[in-house]
Each structure stands twice: as structure tokens, then as C-alpha cells.
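The values are calculated or read from the model by the stated rules, or taken from the named source; none is laboratory data. These figures come from a predicted structure and were not determined experimentally. Cβ atoms come from the backbone with ideal geometry, glycine included; neighbour counts cover every protein chain shown. Remember, those area values only see protein heavy atoms, side chains included, never the ligands or the DNA or RNA. Shrake-Rupley method; radii C 1.70, N 1.55, O 1.52, S 1.80 Å.
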Amino acid sequence: MFDIIQFLAKQNLALLGHTEEDTITNRGNVLELVYLLEKYNPVLRQNLVRIKMGPNSSLTYKLPQIQNEFIEILGNKVHQVIIAGVQKAKYYSLIFDSAPDTSHKDQTSHVIRYVMIENQEVRVEESFIDY
């Protein structure tokens with residue numbers, strides 16, 4: 001499940017379908033990938049059958065809390081990688097930009113720009129941190 005969430009995040013794809021609740025016809029990207037992978041993974045297939053046959057037929061990986069926990073873990077890892085890059089950088093700057101959203105609430109984005117110098121190659125990196 002973690003790999004599925006990571007794949008969807010890298011591709012900038014939604015986890016759920018058009019509504020908050022996945023249904024038989026609108027399973028969302030997470031469930032579509034689970035059902036695709038179970039064709040090639042006998043352990044996953046066996047777990048799906050066991051879950052469907054059990055007294056509680058809800059699939060635990062559909063729970064938004066679990067998906068959000070995976071997303072949080074991935075976000076923390078990305079932040080760690082960014083911080084490690086900034087710590088190696090010779091120069092860095094913080095950029096804050098503010099713009100109102102559709103409800104006229106001010107949203108401030110936090111971006112860090114840093115200069116990486118490796119093997120006499122100079123590269124400017126820019127990473128979104130938060131909003």
C-alpha cells in the first residue's frame with residue numbers, strides 16, 4: 001500500500017475517485033491499483049479474499065486515516081531530503097509569497113532556494129516547503 005501511495009504522489013494523482021467514498025463503479029486510484037496488482041501478487045490476492053470473507057468487509061487500506069498517515073510519512077522523508085540538501089549548500093534563501101485563495105483567505109507559500117556546488121558544477125535548487 002505504501003508503494004501505491006508513493007506512486008500516486010510522485011505522479012501527482014488523486015487517491016480517491018470523484019467523491020470521498022469509493023464505490024464499485026468509482027473505486028479511485030488506490031483501489032484500481034490494488035486490484036491491478038492483485039492479479040500478479042498471490043499474497044495480496046489472498047489477503048483481499050480473506051478481508052472480503054471476514055465479518056467486517058471494509059478494506060482497511062481504504063481508510064483515509066491510513067492513507068493520510070502514508071502521505072505524512074512520505075512528506076517527512078521529502079522534508080529530510082530537502083534539509084540535507086540545504087545543509088550541504090553554500091548559499092540559501094527563504095521565499096515567502098502570499099496570495100488569497102477562492103474564499104479570500106490569505107495563503108502563504110514557503111519556498112527555499114539553495115545553491116549546490118558539486119564537482120565544480122553549480123546548480124540552483126528550489127523546493128516548496130509548506131503553505
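Once the stretch 108-125 is narrowed to residues that are touching a residue at least 24 places away in the same chain (Cβ under 8 Å) and touching a strand residue (DSSP E or B) at 6+ places or on another chain (Cβ under 7 Å), the residue that is nearest to HIS79 (Cα to Cα) is ILE112.
Go through the stretch 97-129 and count every residue that is of a type outside the set (Gly, Ala, Ser), exposed (fewer than 10 other Cβ atoms within 10 Å of the Cβ) and within 26 Å of the chain's Cα centre (by Cα). Here the count works out to 5. State whether the residues of the stretch 78-100 include one that is on the phi > 0 side of the Ramachandran plot and either free of Cβ contacts under 8 Å to residues at least 40 places away in the same chain or of a type outside the set (A, V, I, L, M, F, W, C) (or both). Checking the stretch 78-100: not a single residue is on the phi > 0 side of the Ramachandran plot and either free of Cβ contacts under 8 Å to residues at least 40 places away in the same chain or of a type outside the set (A, V, I, L, M, F, W, C) (or both). Is there a residue in the stretch 70-89 that is at pLDDT below 85 and open to solvent by 80 Å² or more (accessible area, probe 1.4 Å)? No, that holds for no residue.
Residue check: PRO64 meets all listed conditions (1) closer than 30 Å to VAL30 by Cα; (2) modelled with pLDDT of 85 or more; (3) open to solvent by 50 Å² or more (accessible area, probe 1.4 Å) but one, namely (2).
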